[in-house]
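Undergrad: This is the structure I have questions about; it appears just below.
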Amino acid sequence: PGILVALDEINSNPYVLPGYTLHYTLNDNECERYVSHRALFKQLRDDRTKIAAVGSGCTLATEPAAEISHFWNIPQISCHASSPTLRNRERFRRYFQTIGSEENQGYADFGVIKFYGWKKITILQLDIDSFEIVTNELSRLLRKQGVHVSIKTFEQEDRSAGLDSPFDNDTRIYAFIMYSEFARELLCEAYEKNLMYPHSTFLHPAWWVGEWWKGGENLACSDEERERVVENSIAVLLYEYIEDDSAVAETGTNGTTFGENFNEYFEGNEAVLGNETNDFGQNCYDGMWILALALNKTMNDLNDPEFNANASAEASINRTFGLEDITYESEVVLK
């Protein structure tokens, strides 16, 4: 939804990209590596040149696209993927993001655990590089604090591989470092073992949106049973919300007006957006505005005769170069 709000503002702003209208094409990559590749190649084969790639919403689908999108000289920006591995500029040469590194989740979890004075924790981690980085940093901080830490790792394709049970009777606090769909499976076993508040509680990332414990296929327990397990669980935010949101950004809005516009747009588009939004709407909004302002600067740069002449020469055209002349070979402009 943040993307749609931003596009409405950008396309109605007479001072941003005058004479042009930004459009987007939506592709569902299903948070899968191969689907992400297929979606990117589908767009690149289209007759219309794409000036940027936005997404994905998860690291698994973002990394494969970001590894190769630079070969077409297009920038890629994500408002949700936050794997520390995405910081590798040699590997992800034109990738940017409007959210901090997921490594900060470890610091946030540590803050909660330290606040409550817990002394024994079990980390339940999906075997993915980005989650391993979070786990390593969290366990380092906890052990330095004198907290006993157990780590149970699950393979992505086989969550039971190498494990008898992720739960034991001595541990009362569990920290999920994984995607919510994998956690749902574990909640059923927790229910069977009666690991519910006040005996046990769970920490999970706050970016698990909505009623994340519901749904899924071939699970051994019901939504209601999983809900009993997660009662009084703790959703951990990576960052504090900014208390002073009165500062006006270059977009002409501040935190308050963005929230009002976002809510107004969402309330009028339930049929399109569904019944849930998430906390990353503002990040996606920022991402679209960053792209628009970068294009606007490029358009202004093209007013420079020397710069425009170089762009026209590269494109082999005998006229003034405009944004509509950009191709995947337009290195002068896209850089």
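Undergrad: Amide H neighbours of S78 under 5 Å, at least 5 residues apart or on other chains, H built in the peptide plane: list them.
TA: For S78, whose amide H was placed from the backbone, the distant partners under 5 Å are G55, F96, Q97, T98.
Undergrad: Per DSSP H run of n ≥ 4, the term is -39500 (n - 2.57); total these for the chain, divide by its residue number, and report the mean residue ellipticity at 222 nm rounded to 500 deg cm²/dmol.
TA: Computed ellipticity for the chain at 222 nm equals -12500 deg cm²/dmol.
Undergrad: Just to verify a number: what accessible area does K119 come out at with the full protein assembly present, 1.4 Å probe, Å² rounded to tens?
TA: 120 Å²
Undergrad: Roughly how many debye, to the nearest 20, is the charge dipole of the chain about its Cα centre, given +1 on each Lys and Arg Cβ, -1 on each Asp and Glu Cβ, and no other charges?
TA: Around 980 debye, computed over the chain.
Undergrad: In a GNM of the chain with a 10 Å cut-off on Cα contacts, which of H148, H199, H37 has the highest mean-square fluctuation?
TA: Highest fluctuation of the listed residues: H199.
Undergrad: Also, quick follow-up: Given the C-alpha atoms of the chain, compute the convex hull and give its volume per residue in Å³.
TA: 165 Å³
Undergrad: Leaving out ligands, DNA and RNA, and with a 1.4 Å probe, what % of the accessible surface on the range 74-224 is carbon or sulfur?
TA: So the carbon and sulfur contribution to the accessible surface is 45 percent.
Undergrad: For A61, what is the net charge nearby, where nearby means another residue's Cβ is under 13 Å from its Cβ and Lys, Arg count +1, Asp, Glu -1?
TA: Here the charged neighbours net out to -3.
Undergrad: Turning to a different aspect of this structure: Among F92, N27, L142, whose Cα projects farthest towards the positive end of the dipole of the range 7-145, with charges put on the beta-carbon of Lys, Arg (+1) and Asp, Glu (-1)?
TA: Result: L142, furthest along the dipole toward the positive end.
Undergrad: Of A315, A190, A52, which is the most mobile in a GNM of the chain whose springs link Cα atoms less than 10 angstrom apart?
TA: Result for the chain, Cα springs under 10 Å: A315 fluctuates most.
Undergrad: Can you run phi through the Karplus equation (6.51, -1.76, 1.60; θ = phi - 60°) for the range 200-213 and list ³J(HN,Hα) in whole Hz, with x for Gly and Pro?
TA: Once rounded to whole Hz, the list reads 9, 8, 10, 9, 8, x, 6, 7, 6, 8, x, 8, 5, 6.
Undergrad: Next question, about the same structure. Based on alpha-carbon centroids, what's the gap between the range 87-144 and the range 1-27 in Å, whole number please?
TA: The range 87-144 and the range 1-27 have Cα centres spaced 35 Å from each other.
Undergrad: Can you compute 3J(HN,Hα) from phi for each residue in the range 87-104, using the Karplus curve 6.51 cos²θ - 1.76 cosθ + 1.60 with θ = phi - 60°, rounded to whole Hz and x for Gly and Pro?
TA: 7, 6, 6, 6, 7, 10, 6, 10, 9, 9, 8, 9, 9, x, 5, 5, 4, 5
Undergrad: Report the antiparallel proportion of the DSSP beta bridges in the chain as a percent, rounded to a multiple of 5.
TA: About 0 percent, rounded to the nearest 5.
Undergrad: Just to confirm, what accessible area per residue do you get for the range 1-118 at 1.4 Å probe, in whole Å²?
TA: Spelled out: the 1.4 Å probe surface of the range 1-118, per residue, equals 51 Å².
Undergrad: Next question. Evaluate the charge dipole of the range 45-107 about its Cα centre and quote only its size in Debye, nearest 20, assuming +1 on the Cβ of each Lys and Arg and -1 on the Cβ of each Asp and Glu.
TA: So the magnitude is around 220 debye.
Undergrad: Let me ask something additional. Using a probe of 1.4 angstrom, how much of the accessible area of the range 23-71 is carbon and sulfur, in percent?
TA: Carbon plus sulfur share of accessible area: 51 percent.
The values are calculated or read from the model by the stated rules, or taken from the named source; none is laboratory data. As the structure is a prediction and not an experimental result, all values here were calculated from the model. Cβ atoms come from the backbone with ideal geometry, glycine included; neighbour counts cover every protein chain shown. What goes into the accessible areas is simple: the full protein's heavy atoms, side chains included, and nothing from ligands, DNA or RNA. Shrake-Rupley method; radii C 1.70, N 1.55, O 1.52, S 1.80 Å.
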